[in-house]
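The values are calculated or read from the model by the stated rules, or taken from the named source; none is laboratory data. All values derive from a computational prediction rather than experimental measurement. Cβ coordinates were reconstructed from backbone atoms using ideal geometry, including for glycine residues, and neighbour counts include every protein chain displayed. Surface accessibility is based on the protein's heavy atoms, side chains included, excluding ligands, DNA and RNA. Shrake-Rupley method; radii C 1.70, N 1.55, O 1.52, S 1.80 Å.
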There are 2 protein chains.
Amino acid sequence: MPAEDARWLAAAAALAERARPLARPNPGVGAVVVKNGVVAGRGWTRPGGRPHAEAAALAMAGEKARGGTLYVTLEPCAHRSERGPACADLATAAGLARVVVGMADPDPRTGGAGITRLREAGIEVAEAGRDAAGLGLAGHEAALTLGRPHVTLKLALSLDGCIAAANGESKWITGEAARNHVHRERARADAILVGGETLRADAPRLDVRLPGLETRAPERWVLTRGAAPEGWRALAAPKDLAAMGNVRYLFVEGGAGAAAAFLHADLVDRLLIYRAPIVIGGGRPGVGDIGLSSLVEAHGRWVREDTRTFGPDTLEIHRRTR
Amino acid sequence: MPAEDARWLAAAAALAERARPLARPNPGVGAVVVKNGVVAGRGWTRPGGRPHAEAAALAMAGEKARGGTLYVTLEPCAHRSERGPACADLATAAGLARVVVGMADPDPRTGGAGITRLREAGIEVAEAGRDAAGLGLAGHEAALTLGRPHVTLKLALSLDGCIAAANGESKWITGEAARNHVHRERARADAILVGGETLRADAPRLDVRLPGLETRAPERWVLTRGAAPEGWRALAAPKDLAAMGNVRYLFVEGGAGAAAAFLHADLVDRLLIYRAPIVIGGGRPGVGDIGLSSLVEAHGRWVREDTRTFGPDTLEIHRRTR
């Protein structure tokens with residue numbers, strides 16, 4: 001893909017982040033219309049799913065879209081809906097010269113039909129692939145191809161992998177900047193889950209404490225075979241993820257037992273490790289037994305995607321290779 | 001410090017790395033002579049300690065040193081020796097206009113006298129401070145101010161802080177590129193130490209397996225109250241570090257017990273964590289009990305100095321703040 005295409009598609013993927021989580025269960029898409037190297041329109045999926053990102057970007061561009069390029073993280077839809085026309089038709093009507101698509105839509109209602117319709121209308125279409133689409137479509141892809149939410153596991157660890165001192169003290173491992181970033185991640189999730197022991201021991205509020213995002217409180221789930229307390233819902237085991245309904249992005253907060261249960265079931269797609277520059281030594285490990293039978297088996301599963309700095313702490317982001 | 005000074009002093013510090021470990025017990029110093037923005041001479045402490053870095057750099061520069069600047073990681077010596085003239089006198093005789101010094105020499109035989117002598121000779125002297133001198137002088141500083149070697153603790157850990165699976169399997173956590181880098185670090189150390197249990201279980205060779213550096217095999221020490229096997233020397237406890245003689249850089253390889261013993265005694269100056277992108281879960285932790293009484297105590301001790309990538313693995317370098 002040409003560097004300029006990659007750059008504009010990354011801009012569209014960044015816009016798509018604004019769609020989470022309010023667009024659910026619709027995919028959070030981002031779109032940019034570019035004409036002569038200048039942005040003519042931009043859009044992202046609005047709460048509830050409409051307008052679509054392309055529709056918003058094309059409406060903003062108006063006549064400037066003619067002869068321009070649309071960058072969109074997901075293949076434009078080809079199915080008519082009572083809520084609006086198909087985006088492939090909007091793109092054709094707008095007179096676009098070119099469309100650069102991130103992920104082809106795994107939704108069988110579109111499933112390549114959007115791209116076909118654009119090409120039949122004489123529009124040049126380039127496909128960048130799912131990796132260019134960003135995290136905004138991971139939940140959509142997981143729901144349609146795996147029948148479950150996209151799962152992020154968050155751990156806050158010392159250098160030596162502990163989540164608490166030997167006596168259980170765990171406040172705090174990481175500093176304020178890292179903890180604030182956790183709130184930002186929560187605000188992007190549809191649901192948050194903790195282990196039963198963590199719920200009993202910490203009674204975590206798991207709310208979003210960021211100005212302007214207080215309303216983004218995700219559903220609260222607890223991993224337990226028993227009943228959930230008021231305000232919480234119970235998930236008996238990681239394999240029951242499909243029962244979480246419209247949840248597209250699940251954020252697993254720990255503790256060590258819940259982390260191990262999801263890793264053991266190989267149901268973690270993204271691993272966030274907030275790492276503090278402290279050594280605890282003989283503390284409580286962040287991950288319990290995951291049923292590993294040999295070290296060879298442990299390799300090749302995770303690829304480091306990014307590392308960020310939050311004050312003295314770092315965030316290591318790993319993606320499960322599948 | 002002006003950016004240009006910092007840049008040339010960093011070049012001198014990089015040269016100083018060549019002096020380790022063969023210069024010992026003399027400090028490994030680096031020096032660059034710059035005239036009109038061009039390097040006229042460069043040098044580093046030769047095996048056994050002579051010639052000094054400045055002497056080598058000034059000899060290489062010859063007449064070009066006149067009116068130039070000498071960048072040197074350690075204050076030039078002011079004491080005459082049967083092995084050569086004082087470097088402060090050499091600098092004066094060379095007609096330098098300016099000298100930029102990293103660390104003032106903690107050696108009482110120089111202890112500021114070198115800088116004083118340069119200034120009395122009309123040479124402008126700037127002091128950058130110990131942090132600009134690089135790791136090449138850390139052993140010298142530790143020996144003279146703390147009466148012990150500079151200690152690096154190396155750990156090869158999974159994301160969750162394990163050095164082995166629950167069954168003890170530890171080959172391999174990190175990949176070949178990271179393990180090669182360990183050999184490079186060993187080649188810079190005067191001595192390597194392992195715990196008694198690691199010696200019995202792994203019988204590690206702890207040699208340097210890098211082409212051209214096979215002769216840099218450091219002394220081999222084992223942390224034990226008992227006797228050392230042939231080819232090894234025994235250290236009863238970390239607090240006995242002063243008994244290691246001319247050792248200026250000690251490289252502690254583990255295992256978890258030796259790591260904990262040095263951390264407990266607060267005798268680790270530099271922490272190298274080679275981190276593989278694997279999760280082990282319920283494995284053997286890399287660090288045993290270090291006597292921490294609260295999490296607050298754990299904070300503020302370590303500052304991340306650098307992060308490097310070796311294939312899939314990363315190396316996190318932390319420095320003990322003192």
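See the values below:
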read-out: Criterion violated by A:Ala187 - all others in (1) surrounded by fewer than 20 Cβ atoms within 10 Å (Cβ to Cβ); (2) assigned by the TED database to the domain that holds A:Pro218 satisfied; value: (1)
read-out: Subset of the stretch B:70-93 (residues that are in contact with a Lys or Arg (Cβ under 9 Å, 6 or more places away or on another chain), open to solvent by 20 Å² or more (accessible area, probe 1.4 Å) and within 21 Å of B:Leu9 (Cβ to Cβ)); value: B:Thr92
read-out: Unique match (being buried (at least 24 other Cβ atoms within 10 Å of the Cβ), in contact (Cβ under 8 Å) with a residue 60 or more places away in the chain and under 25 Å from the mean Cα position of the chain (by Cα)) among A:Ala143, A:Ala126, A:Ala133; value: A:Ala133
read-out: Verdict on A:Ala243 being part of a helix (DSSP H, G or I), of a type in the set (Gly, Ala, Ser) and away from every other protein chain (no Cβ under 14 Å); value: yes
read-out: Among (1) within 14 Å of chain A (Cβ to nearest Cβ); (2) surrounded by 22 or more Cβ atoms within 10 Å (Cβ to Cβ); (3) farther than 30 Å from B:Val29 by Cβ, the one test that B:Val194 misses; value: (1)
read-out: Scan of the stretch A:51-69 for residues that are out of contact with any helix residue (DSSP H, G or I) (no Cβ under 9 Å at 6 or more places or on another chain) and surrounded by 20 or more Cβ atoms within 10 Å (Cβ to Cβ), ordered by number; value: A:Ala56, A:Ala61
read-out: Residue match in the stretch B:221-233 (condition: in contact with a helix residue (DSSP H, G or I) (Cβ under 8 Å, 6 or more places away or on another chain) and within 14 Å of chain A (Cβ to nearest Cβ)); value: no
read-out: Candidates A:Gly48, A:Gly43, A:Gly28 - the one that is open to solvent by less than 40 Å² (accessible area, probe 1.4 Å) and either outside the structural domain of A:Ala91 (by the TED database) or in contact with a Ser or Thr (Cβ under 6 Å, 6 or more places away or on another chain) (or both); value: A:Gly28
read-out: Which numbered condition A:Arg186 misses (of (1) assigned to a loop (DSSP other than H, G, I, E, B); (2) on the phi < 0 side of the Ramachandran plot; (3) under 19 Å from the mean Cα position of the chain (by Cα)); value: (1)
read-out: Condition check for B:Val34: crowded, with 17+ Cβ neighbours inside 10 Å, in contact with an Asp or Glu (Cβ under 8 Å, 6 or more places away or on another chain) and not in a loop (DSSP other than H, G, I, E, B); value: no
read-out: All positions within the stretch A:146-159 that are within 13 Å of another protein chain (Cβ to nearest Cβ), of a type outside the set (A, V, I, L, M, F, W, C) and open to solvent by 10 Å² or more (accessible area, probe 1.4 Å); value: A:Lys154
read-out: Candidate set from the stretch B:100-121 (those that are more than 13 Å from B:Cys87 (Cα to Cα) and of a type in the set (Asp, Glu)); member that is modelled with the highest pLDDT; value: B:Glu120
